[in-house]
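These notes concern the structure reproduced below.
Taken together, the values in this text are just the output of simple stated rules run on the coordinates, not laboratory data. Quick caveat: nothing in here was measured; it's all calculated off a predicted structure. Because the Cβ atoms are built from the backbone with ideal geometry, glycine has one as well, and the counts that use them run over all protein chains shown.
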Amino acid sequence: MSKLKGKHLITTMDWELDDLVKVIEVAEDMQKNRYADKYTKLLAFRTFLMFFYNPSVRTRQSFEAAATELGGHAQFLEPKSMRLKTAKSAGETVEDAANVMSRYGVGLGIRILESKIAHYGDGEKLLREYAKYSKIPIISMAHDKYHPMQSLADIMGLRKHLGKNLEGKTFTLAWGKGALARSWSSVQAALLLYSRFGMNVRIARPEGYDLDPEVIEYTKKQCEKNGKEFFITDNQEEAYEGSNVVYCRNWTTPNAYHDGEFHKEEEVEKSLKHQDWICDERKMKLTNDGLFIHPMPIDRGNEVSDEVASSKRSIIYDVAENRLHVQKATMALTMSDFEG
Ligand code: CP
């Protein structure tokens, strides 16, 4: 039995690097041998449960496909159709819901993003509360702070295109204007994990768009430990120059949550004032034949030009596919007796 059996995945910071590498290696083999007998019965007759507080395309479809390909089944509920206790209404507690789900399934995935919480950090708190009572692994399907499955899929994509050793490759995280007011979830998960794989890290963002200081501190420390570059700038050209991979994504300011709610319209209005913050061909030409990466859905024409998103150096579809493989690997290692 894998030592990962029964483990929750809320952030990659809770896992040893070797265990994360193991997930990616298993995922790479699962991609090569997608329907091999060794994988198709691991979750036979087992159910993976999912709670989606927020909508999804890739996450829901890839988790459902993952459960099917492992021989099991995935089913979902939207909490609006459940009777959960909230600050404003009576209902079932997390303790009760987590205990009952543990009697039905082998794992529980939860997605909760900015529009469903009052303060930054509340989404992660909810997942940790489920983990406290659950007897089965709680898997983040993206919460307000992190999207661990996305970052594992990213690393799998980078290993395919840049080689298995990412040590010393340069990663530029560039802020992009956007009409969708994105959470910090995917970009923070990327910072945590790319830095652990020994990459140089550069962040380009306009003044006022700083991320969670704890995440920045963690990333900086990983870079220092690995003897790698780390800097934050408001100069896009400086951050793109000679880079191997550009991840351009919109994210909100730290003021997005106030008066007990998330202010999407205000954030979009502020964001669209920065018209030159877009990943385009001119900036990509400054890179070292850099890859373009993005978790999707992409806000084309705002975060990134069509030309870059659809270019030969864009690996967005490979990474989207990898969601399936890393999720299969994580489910096999945490929810079955698979050794890896
Ligand atoms: N990248 C990602 O999680 O996509 P969805 O929001 O469509 O699930």
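Quick notes on this structure:
- By DSSP, the beta bridges lying fully in segment 151-319 are antiparallel in about 10 percent of cases.
- Positive dipole terminus of the chain, leading residue within Gly242, Trp15, Ile298 (C-beta point charges): Trp15
- Only Lys, Arg (+1) and Asp, Glu (-1) charged, at Cβ; the chain dipole about Cα centre in debye: 1060
- Cα-centred dipole magnitude for segment 9-146, charges only on beta-carbon of K, R (+1) and D, E (-1), debye, nearest 20: 500
- A straight line joining the Cα centroids of segment 215-248 and segment 169-201 runs 9 Å.
- Contour excess over end-to-end distance, with Cα ends at Ala44 and Lys273 and 0.36 nm allotted per residue: 77.2 nm
- Cα centroid of segment 263-329 to Cα centroid of segment 1-80, whole Å: 25
- Estimated distance in nm for a label pair at Lys160 and Lys221, the labels positioned 7 Å out from Cα along Cα-to-Cβ: 3.3
- Since only Thr68, Gln222, Val94 are under comparison, the one whose Cα sits farthest along the positive direction of the charge dipole of the chain, derived from C-beta charges on Lys, Arg, Asp and Glu, is Thr68.
- For segment 130-206, the equivalent ellipsoid derived from the alpha-carbon gyration tensor has semi-axes of 24, 19, 10 Å in decreasing order.
- Here is the short version for the chain: Cys223 have no other Cys C-beta closer than 4.7 Å.
- Theoretical gain in end-to-end length, Arg128 to Glu16 [0.36 nm per residue, Cα-Cα removed]: 38.5 nm
- Charges were assigned to the Cβ only: +1 to each Lys and Arg, -1 to each Asp and Glu. The resulting dipole of segment 5-54 about its Cα centre is roughly 360 debye.
- Among 26-37, 327-338, sorting by the average number of other beta carbon atoms lying within 10 angstrom of each residue, highest first, gives 327-338, 26-37.
- Packing, taken as the mean count of other beta carbons within 10 Å per residue, orders the peptides 132-143, 222-233 from highest to lowest as 132-143, 222-233.
- Rounded, prolate or oblate (a/c below 1.5 giving rounded, otherwise prolate when a/b exceeds b/c) for segment 188-340 by Cα gyration tensor: rounded
- DSSP assigns beta bridges within the chain; of those with both partners inside it, close to 5 percent run antiparallel.
- Distance (nanometres) between label positions extended 7 Å along Cα→Cβ at Ala36 and Gln75: 3.2
- When the convex hull of its Cα atoms is viewed from all sides, the chain shows a mean projected area of 16.1 nm².
- Among the listed pairs Lys5/Lys328; Lys177/Lys264; Lys88/Lys132; Lys5/Lys32, those beyond 19 Å (Cα-Cα): Lys88/Lys132; Lys5/Lys32
- Prolate/oblate/rounded call for segment 1-159, Cα gyration tensor, a/c under 1.5 rounded: prolate
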